[in-house]
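So the structure is just underneath, and the comments pick up after that.
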Amino acid sequence: MKKLIFTGLTAAVLLSSCSSQKTDTAGTEQTTALTEVQQEAQAFLDQYSKKYQELYTNSAEAEWNSNTKIVEGDTTNAAATRRANEAFAAFTGSEENIEMVRTMLEKKDQLTPLQVQQFEAILFAAANNPQIIPDVVKARIKAETEQTEKLYGFDYRLSGKSVSTNDIDNILKSEKDVKKRLDAWNASKEVGPGLREGLLNLRELRNKTVQSLGYDDYFTYQASDYDMTREEMMELMQQINEELRPLYRELHTYARYELAKKYGVKEVPDYLPAHWVPNRWGQDWSSMVEVEGIDLDAALKPKGAEWQVKQAERFYTSMGFPELPQSFYTKSSLYPLPPNAGYKKNNHASAWHMDLDKDVRCLMSVEPNAEWYETTHHELGHIYYYMTYTNPDVPLLLRGGANRAYHEAVGSLLGLAAMQKPFLAELDLIDENVQTDEVQALLKEALNYVVFIPFSSGVMSEWEHDFYAKNLPADQLNKRWWELTKKYQGIVPPADRGENYLDAATKTHINDDAAQYYDYAMSYVILFQLHDHIAKNILKQDPHTTNYYGSKEVGNFLRDIMYPGASANWRQMLKETTGEELSARAMVAYFQPLMEYLKEQNKGRKYTL
């Protein structure tokens, strides 16, 4: 990478954290200006980081293979993944390392701020792999590997034929026949029952793992990464829900009546049947609305999937970011498997930092349509975040987002920016002179971003909180899921869903990215705070019609946020970049013009939330 000239916040963060030490090209602190205690600490950190990187890379490679080539009945990848993860766990959770870190943190007032941060990161990682209880850690790793393969190796069937999750999603987005919709929705939930036993086992193992280092439960452990208690995290989720509840209430009422009309149902239901909405979990309803003059699916189809990935890269390079390394294209898995592949892969989009250095990859199944167009820009946001904080000033152990939500916020921010009309016109995906209904465009966005909040901050966060922190009884798992779905989303199942189902487990993150879905809720709030600042203070444009493309100023702003990685204090970062604390204010303001329209549309209609 070229040497970056950083401005404002990045400089402040790095100056405050690096004032008494320098780093070499591997991101490790040189010992030349350090005290004896600091030199001792640095020697340990250098040694630890080298081994950590080696084992992390082995684990990532094994996980990559397990996610990109799933062969029914073949346990080769699973065994290799388990071995790599066990080796990584044995090192990060070793009693010797834990004892050394605790000893060094007793002298934290004699260490540099950057050293303290690294020691705290080591201790946090150790809590998930403590070798005080090695058998429990090994059992958890084995259970996680098996659960992942069971989830992604599942054979979804519809009308007797195997279908992909992409196929099911397309039916739910476009099919008007309610019976066909119901069949597709039911097919999407068939994976749940087979995951029950594994998930209950994982709860026990995950809780036991972190309890050995003093955490109450796994949810508490994950929330602590934000320097928050689980109670504080849940209070924040409630705050976000309440701030957006009035708008969601209008959207829910609108959707009930409009979908009843679309499906030819005379009696409008009080709650949305789950198979009516165009998403398996009701988290995104945006395909309900087509904005006249904007047909991205039609515009993107002839361009092909590869064009979308390359265009997403061009979006970032236009703002001054470097080109992706060639290895990104040779090592990533970007497109759907051919029908005769003979194996399956994880179709859930993800970005991977394989070695915490130059090896970055994406796992996607890109198709030429609007949803994958936005997703591609989002996933490359993660990739460019990885590439930006992989620099000499950020030690290897702090190569992460300012917090986990920041990673998602950056991805989602660029996903939002890539969908705005001026930019789409610049790409000739729409006619720049086309007259579009701006309210409908805003409605389509709200049915994505706003609709997501009650699912992420309400249903997902509260269910996992209850599952891990409250030890939700095994005979109430599905009951609680649908109680929360009705309470927060106003959605009900098409028919009774007893405990022979486990609909929560059909959501990827419940299994393999557990107890942290609030990351996504926070990320949407942060993305609108960042977008509001970029639009008003950098581009001087209406937040609803921005064009980031080619703006080096926007690129510098984003680089300032991304460059220091986890060495930055996330609260300080947000305050200094946007001028405010975490708040849904900007998100509410962005969608405010929609409120009057929805109230007018909903006049005389029954509200049930």
* Asked: In region 311-329, what residues are in a loop (DSSP other than H, G, I, E, B) and either surrounded by fewer than 15 Cβ atoms within 10 Å (Cβ to Cβ) or not aromatic (Phe, Trp, Tyr) (or both)?
  -> Met319, Gly320, Pro322, Glu323, Leu324, Pro325
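Rundown of residues vs (1) among the polar types (S, T, N, Q); (2) assigned to a helix (DSSP H, G or I), yes/no style:
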residue: Pro278; (1), (2): no, no
residue: Gly282; (1), (2): no, no
residue: Ser287; (1), (2): yes, yes
residue: Val291; (1), (2): no, no
residue: Asp297; (1), (2): no, yes
residue: Val309; (1), (2): no, yes
* So is Gln529 part of a helix (DSSP H, G or I), at pLDDT 95 or above and either on the phi < 0 side of the Ramachandran plot or assigned by TED's automatic domain parsing to the domain that holds Met237 (or both) or not? -> yes
* Residue count, region 174-191 (criterion: touching a residue at least 40 places away in the same chain (Cβ under 8 Å) and either among the small types (Gly, Ala, Ser) or on the phi > 0 side of the Ramachandran plot (or both)) -> 3
* Could you list, in sequence order, the residues of region 475-509 that are among the aliphatic types (A, V, I, L, M), surrounded by 21 or more Cβ atoms within 10 Å (Cβ to Cβ) and over 17 Å from Pro454 (Cβ atoms)? -> Leu477, Leu502, Ala505
* Is there a residue in region 533-554 that is touching a residue at least 24 places away in the same chain (Cβ under 8 Å), surrounded by fewer than 23 Cβ atoms within 10 Å (Cβ to Cβ) and at positive phi? -> yes
* Structure fact -> Conditions (1) touching a Lys or Arg at 6+ places or on another chain (Cβ under 7 Å); (2) in a loop (DSSP other than H, G, I, E, B); (3) not β-branched (Val, Ile, Thr) -> Pro130 fails only (1)
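I'd like to know if region 330-340 contains one or more residues that are assigned to a helix (DSSP H, G or I) and either outside the structural domain of Tyr563 (by TED's automatic domain parsing) or surrounded by fewer than 21 Cβ atoms within 10 Å (Cβ to Cβ) (or both).
Yes, some residue in region 330-340 is assigned to a helix (DSSP H, G or I) and either outside the structural domain of Tyr563 (by TED's automatic domain parsing) or surrounded by fewer than 21 Cβ atoms within 10 Å (Cβ to Cβ) (or both).
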* Hey, among Ala515, Ala521, which residue is buried (at least 24 other Cβ atoms within 10 Å of the Cβ), assigned to a loop (DSSP other than H, G, I, E, B) and at pLDDT 95 or above? -> Ala515
* Is there a residue in region 188-198 that is under 30 Å from Leu123 (Cβ atoms) and either loosely packed, with under 15 Cβ neighbours inside 10 Å or of a type outside the set (Lys, Arg) (or both)? -> yes
* Structure fact -> Condition set charged (D, E, K, R) and in a loop (DSSP other than H, G, I, E, B), scope region 475-512, selection farthest from Phe219 (Cα to Cα): answer is Asp496
* Structure fact -> Considering only helices (runs of 4 or more DSSP H) wholly within region 150-251, the ones with at least 1 residues that are small (Gly, Ala, Ser) and modelled with pLDDT under 95 are 165-174
* **Residue count, region 380-408 (criterion: under 22 Å from Gln308 (Cβ atoms) and small (Gly, Ala, Ser))** => 1
* Restricting attention to region 483-497, which residues are within 16 Å of Leu244 (Cβ to Cβ) and charged (D, E, K, R)? -> Lys487
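Here's the yes/no breakdown for (1) surrounded by 21 or more Cβ atoms within 10 Å (Cβ to Cβ); (2) of a type outside the set (Gly, Ala, Ser); (3) closer than 30 Å to Ala274 by Cβ:
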site	(1), (2), (3)
Ala418	yes, no, yes
Leu427	no, yes, no
Val434	no, yes, no
Val439	no, yes, yes
Leu442	no, yes, yes
Pro454	yes, yes, yes
Met460	yes, yes, yes
Trp463	yes, yes, yes
* So which of Ala84, Ala80 ends up being part of a helix (DSSP H, G or I), surrounded by 21 or more Cβ atoms within 10 Å (Cβ to Cβ) and without any contact (Cβ under 8 Å) to a residue 60 or more places away in the chain? -> Ala84
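The values are calculated or read from the model by the stated rules, or taken from the named source; none is laboratory data. Here the structure is a predicted model, which means the values were calculated and not measured. Reconstructed Cβ throughout: ideal geometry from the backbone, glycine too, with neighbour counts over all protein chains shown.
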